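Encoded as structure tokens, the structure appears first; notes follow it.
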Amino acid sequence: MKSIVAGGSAPDVFARRESEARSYCRSFPVTFTSARNARMTDENGRSYIDFLAGCSSLNYGHNDPDMKAALIAHLERDGIAHGLDMRTDAKAAFLETFERTILEPRGMEHRVQFTGPTGANAVEAALKLARKVTGRSNVIAFTNGFHGVTQGALAATGNRHHRGAANGPLTSVTRMPYDGYMGEGTDGLAMIERMLEDGSSGIDAPAAFIVEPVQGEGGLNAASAEWLRGIQRLARAHGALFIVDDIQAGCGRTGSFFSFEGMSIEPDLVTMAKSLSGFGLPMAVLLVRPEHDIWAPAEHNGTFRGNNHAFVTARVALEKFWSDQAFQVLVESRGTYLAERLATIAETIPGAVLKGRGMMRGIDMGSGEIAADICATCFENGLIIETSGADDEVVKVLAPLTIEAETFARGLDILQAAVGARMQAPRAA
Ligand SMILES: Cc1ncc(COP(=O)(O)O)c(C=O)c1O
């Protein structure tokens, strides 16, 4: 399919002018014009079910009516749009709501650092702060981890395709095996412990461990609570900070607000972005335990730390979805339904493996080619869905958490049919 600009037969401006770095638009080559909750509509009026949800930036769906109304009201009264890191009413309201609905109920004393508005910038801040606190440079990151593509975050990212674009040194990170990476019967945690204790292992004392409790881009690998506690214990034992990157798995994606809740995990630093604004507006934060908040003013700054439109929608998202337990209960039941449907689908695929947790699940098809074929068929039939994993072998369901039950079932029907068709008539030899 070829993308066309609004108005008809003009040459494709995206192909003509947009950089070769463009990516999702290659998988979904239509021009979208509107969206509501879990549905997107293209310029020809065709409706698609969205199982990508802005790569988990739209956990509450497209254009939530309450967030939209609050944002329009803010605009109408000439509320602050861009505030650097100055005090504004919108920022105060966000901070107070975050404190009341998220931090205090969880006993978290963390401070909130507004970083540049991308996940990668929150990760950069986390790595820099851990290094400043400890006076060390080495950071332990994990196989299949994804933390962003700026130079510092990329050094902690595993993916060869992304790393290859650096064409320069990606330094001061030691890679260790993620939970389960070595296969059953191998205790990866014991290996890490041994290497850290051995003064001749060649591993420099770490400033931090950085980990995703569920690896979003790395193939939906979900770490066990026991393994995460083990990493936290090693961090404490070796004088390193424990950083949880909750940029993709946070904001309810696994059920609870943070993906590490109920695991006896108390990270020193937590990175958040993606669905934090609730509306798809750019916003990122680093949560910092108070004793580690040793920045000098503006030491890590950024012009766009004060996206007040994002503060408005983020506040409404917290008030609407996180003031009580109801939303978490709903997401958990949706996650159970998703797990059941994927298990049924996986039964029809030889060697398929179920991946993920909560509303962040998928199926390892064993081949990137098969996964790509399935996603392409889904799109032909009106479902937007993408892959993840080292070889893009995992078909990944990231539906909005707010998706209507009927739409969710319909999207999974489309996925099931695409898998069935691919299993019966393989396109590739
Ligand atoms: C876990 C995790 N960390 C960091 C990032 C980088 O975020 P951004 O793309 O906003 O820079 C991502 C993006 O997918 C992510 O999934």
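Could you calculate the contour length gain from Tyr24 to Arg229, that is, 0.36 nm times the residue separation minus the distance between their Cα atoms, to one decimal place in nm? Don't skip to the end; give the middle numbers.
Values: separation 205, 0.36 × 205 = 73.80 nm, distance 3.56 nm.
Once the chain is fully extended between Tyr24 and Arg229, it gains 70.2 nm.
Would you mind counting up the charge near Glu386? Only other residues with Cβ under 11 Å from its Cβ, with Lys and Arg at +1 and Asp and Glu at -1. Intermediate results must be reported in sequence, preceding the final value.
Working: positive: Lys396; negative: Asp50, Glu217, Asp392.
Every neighbour counted, the sum reads -2.
³J(HN,Hα) across segment 174-187 via Karplus (A = 6.51, B = -1.76, C = 1.60, θ = phi - 60°), whole Hz, x for Gly/Pro?
10, 8, 10, x, 6, 3, x, 4, 7, x, 5, x, 10, 8
By a straight-distance test (C-alpha under 19 Å), which aspartates and glutamates pair with Lys132 as possible cross-link partners, with residues fewer than eight away in the same chain excluded?
Correct list for Lys132: Glu124, Asp204, Asp245, Asp268, Glu291, Asp293, Glu299.
Taking the alpha-carbon distance from Lys320 and a cut-off under 17 Å, which lysines remain once sequence neighbours fewer than 8 residues away in the same chain are dropped?
Within the straight-line limit of under 17 Å, Lys320 reaches these lysines: Lys68.
Would you look at the GNM of the chain, springs on alpha carbons closer than 10 Å, and say which of Gly252, Gly382, Gly362 moves the most?
Gly382
Listed highest first by mean packing, meaning other Cβ atoms within 10 Å per residue, what order do 220-226, 38-44 come in?
Details: 220-226: 18.9, 38-44: 17.3.
Per-residue Cβ counts within 10 Å, averaged per peptide and sorted highest first, yield 220-226, 38-44.
Based on the Cα coordinates of segment 66-322, what is the per residue volume of their convex hull in Å³? List each step's numbers first, then the result.
Values: hull volume 33.0 nm³, N = 257.
Output value, Cα hull per residue: 128 Å³.
Mean separation of Cα pairs under 8 Å and 6+ residues apart, divided by the residue count of segment 66-322: what relative contact order is that in percent?
Working: 475 pairs, mean separation 79.2, N = 257.
So the answer I get is 31 percent.
From the helices alone, meaning DSSP H stretches of at least four residues, give me the mean residue ellipticity at 222 nm for the chain, per-run term -39500 (n - 2.57), in deg cm²/dmol to the nearest 500.
Taken over the chain, the calculation gives -11000 deg cm²/dmol.
Using a ≥ b ≥ c from the Cα gyration tensor of segment 314-394 (square roots of the eigenvalues), is it rounded, prolate or oblate, where a/c under 1.5 gives rounded and otherwise the larger of a/b and b/c decides, a/b for prolate?
On the way: a/c = 2.54, a/b = 1.93, b/c = 1.32.
Prolate.
Dipole of the chain, Cα-centred, from +1 at each Lys and Arg C-beta and -1 at each Asp and Glu C-beta, to the nearest 20 debye? Don't skip to the answer; put the middle values down first.
Values: 41 positive and 51 negative charges, 139 e Å.
For this selection, approximately 660 debye.
For Glu266 paired with Asp293, estimate the spin-label separation in nm (one decimal), with each label point 7 Å from Cα along the Cα-to-Cβ line.
A separation of 1.7 nm, rounded to one decimal place.
Regarding the chain, what is the average projected area of its C-alpha convex hull, in nm²?
On the way: hull surface 88.4 nm².
With the hull built on Cα positions only, its mean projection is 22.1 nm².
Going Cα to Cα from Lys396, which lysines come in below 20 Å? Please leave out same-chain ones fewer than 8 positions away.
The qualifying lysines are Lys274, Lys355.
On a full-extension model of 0.36 nm per residue, what is the gain between Thr186 and Ala425, subtracting their alpha-carbon distance, rounded to one decimal in nm? Spell out each step's value before the answer.
Working: separation 239, 0.36 × 239 = 86.04 nm, distance 3.78 nm.
Full extension of this stretch gives 82.3 nm more.
With an 8 Å Cα cut-off and a minimum separation of 6 or more residues, compute the relative contact order for segment 38-106 in percent. Each step should come with its number before you reach the end.
On the way: 22 pairs, mean separation 11.1, N = 69.
For segment 38-106, the relative contact order is 16 percent.
What is the calculated FRET efficiency for Leu95 to Arg410, with r their C-beta to C-beta distance and R₀ = 41 Å, to the nearest 0.05?
On the way: r = 39 Å, r/R0 = 0.96.
The calculated FRET efficiency here is 0.55.
Here, each number is a calculation from the coordinates, and none is a lab measurement. Just so you know, these numbers come straight off a predicted model, no measurement behind them. A quick note on method: Cβ atoms are made from the backbone with ideal geometry, for glycine too, and the neighbour counts reach across all protein chains shown.
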